[in-house]
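The values are calculated or read from the model by the stated rules, or taken from the named source; none is laboratory data. These numbers were taken from a predicted model, which means no experiment stands behind them. Because the Cβ atoms are built from the backbone with ideal geometry, glycine has one as well, and the counts that use them run over all protein chains shown.
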């Protein structure tokens, strides 16, 4: 008899709007990264200042969706089966992101990335193989010059923290009562606000390197939104409004696009804004998105398209940004020329992500689901 999946309850409704919002946030990340090289290395001159907060929004969504999908499965699912399911969902694109980064690595050689010219192919391939496992590397193994834990595909740092959060969830957080989880969320909010408001930067930029400062930032960004997402789902506090996807997208775009507050003299003002976004605004947006009950309509189809594209877009775009960054720093283009090439970079990233989704990610996940997740009847 062919293998079958284990019996279980009927499939749950899917939060298509939340997936769509992940796609909107992914697109904002790409736009932010495309503008970033044009600020002359000065974060106070960034054109779209808060695009990096999309990562914190991703963590909140992840906590919400994982709690919704798995909280009631633990009586018939082991930790190892949970880990397998998460690996099947996330790891294929981690691998292709590392491979794309390796293929495009030497095209970014120049003043922006001084180590590339001195990196032998053998060392680059070793870093590529490590990147395929998502194991972070230390700055001593850096091959680009930015001390990233994944120098072939920078955004993979957030996937590393996503895996850490999944382990926290499976090993103990899932067992916490709502009261205990609420206390954890409160402490995590203080941890986050302390860094953003009173920290040395006045923002949450960072988390991508294996050193004490960057790991501090990474865990500050991870713990509150992920645990808050779990608590928000358990409480079931949804907000029902018409045209939820449009309103949520608008709120998300505005919050990620506003100028930096306070300047260099009042860093706490910007930190307060970012803490408010993560602790207050983003949970409200998720609650509105989760309150949408429709399963048909134009906005639902748009949300589904962006939701399907979101993860491939996020994890594959940055090798193109490396090349664009090097081009901007080496050639000092005019604003119009920079915008033209930046727009081409964004379009290329969208095409690449869609190709990876349809030609690689979906077929590979289907195959892995049959081979790894299915059980003999």
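Scanning the range 115-145 for residues that are closer than 16 Å to residue 206 by Cβ and in contact with a helix residue (DSSP H, G or I) (Cβ under 8 Å, 6 or more places away or on another chain) returns a single hit, 136. Among the residues here, residue 25 does not qualify as more than 19 Å from the chain's Cα centre (by Cα) and either modelled with pLDDT under 95 or surrounded by 23 or more Cβ atoms within 10 Å (Cβ to Cβ) (or both).
Only one of 189, 193 is within 22 Å of the chain's Cα centre (by Cα), in a helix (DSSP H, G or I) and buried (at least 20 other Cβ atoms within 10 Å of the Cβ). Can you tell me which?
The conditions single out 193.
Residue count for the range 31-54 satisfying the condition of being closer than 18 Å to residue 348 by Cα and either surrounded by fewer than 23 Cβ atoms within 10 Å (Cβ to Cβ) or touching a strand residue (DSSP E or B) at 6+ places or on another chain (Cβ under 8 Å) (or both): 5. Residue 44 fulfils the conditions (1) part of a helix (DSSP H, G or I); (2) in contact with a helix residue (DSSP H, G or I) (Cβ under 9 Å, 6 or more places away or on another chain); (3) closer than 30 Å to residue 329 by Cα except for a single criterion, (2). Within the range 146-181, the set of residues being touching a helix residue (DSSP H, G or I) at 6+ places or on another chain (Cβ under 8 Å) and not in a helix (DSSP H, G or I) comprises 147, 148, 149, 150, 151, 152, 153, 154, 155, 176. Taking the range 322-345 as the range and being outside any helix (DSSP H, G or I) and surrounded by 12 or more Cβ atoms within 10 Å (Cβ to Cβ) as the test, only 333 passes. Go through the range 100-123 and give me each residue that's within 30 Å of residue 367 (Cβ to Cβ) and surrounded by 19 or more Cβ atoms within 10 Å (Cβ to Cβ). Selection gives 100, 101, 102, 105. Residues that are surrounded by 22 or more Cβ atoms within 10 Å (Cβ to Cβ), modelled with pLDDT under 95 and out of contact with any strand residue (DSSP E or B) (no Cβ under 6 Å at 6 or more places or on another chain): does the range 312-321 have at least one? No, the range 312-321 contains no residue that is surrounded by 22 or more Cβ atoms within 10 Å (Cβ to Cβ), modelled with pLDDT under 95 and out of contact with any strand residue (DSSP E or B) (no Cβ under 6 Å at 6 or more places or on another chain).
On inspection, residue 300 fails the criterion of being within 29 Å of residue 38 (Cβ to Cβ), part of a helix (DSSP H, G or I), touching a helix residue (DSSP H, G or I) at 6+ places or on another chain (Cβ under 6 Å) and touching a residue at least 40 places away in the same chain (Cβ under 8 Å). Does residue 245 satisfy being under 19 Å from residue 26 (Cα atoms), surrounded by 13 or more Cβ atoms within 10 Å (Cβ to Cβ), in contact (Cβ under 8 Å) with a residue 60 or more places away in the chain and under 19 Å from the mean Cα position of the chain (by Cα)? No. Against the list (1) touching a helix residue (DSSP H, G or I) at 6+ places or on another chain (Cβ under 7 Å); (2) closer than 19 Å to residue 161 by Cβ; (3) free of Cβ contacts under 8 Å to residues at least 24 places away in the same chain, the condition residue 215 fails is (1). Does residue 207 count as within 23 Å of the chain's Cα centre (by Cα), within 24 Å of residue 139 (Cα to Cα), touching a residue at least 40 places away in the same chain (Cβ under 8 Å) and surrounded by 17 or more Cβ atoms within 10 Å (Cβ to Cβ)? Considered against the rule, which asks whether it is within 23 Å of the chain's Cα centre (by Cα), within 24 Å of residue 139 (Cα to Cα), touching a residue at least 40 places away in the same chain (Cβ under 8 Å) and surrounded by 17 or more Cβ atoms within 10 Å (Cβ to Cβ), residue 207 comes out as yes. Scanning the range 107-126 finds one or more residues that are farther than 24 Å from residue 210 by Cβ, assigned to a helix (DSSP H, G or I) and either touching a strand residue (DSSP E or B) at 6+ places or on another chain (Cβ under 7 Å) or at pLDDT 95 or above (or both). Being without any contact (Cβ under 8 Å) to a residue 12 or more places away in the chain and in contact with a helix residue (DSSP H, G or I) (Cβ under 9 Å, 6 or more places away or on another chain) holds for only one residue in 312, 319, 333, and it is 333. Counting residues in the range 171-184 that are more than 26 Å from residue 280 (Cα to Cα) and surrounded by fewer than 21 Cβ atoms within 10 Å (Cβ to Cβ) gives one or more.
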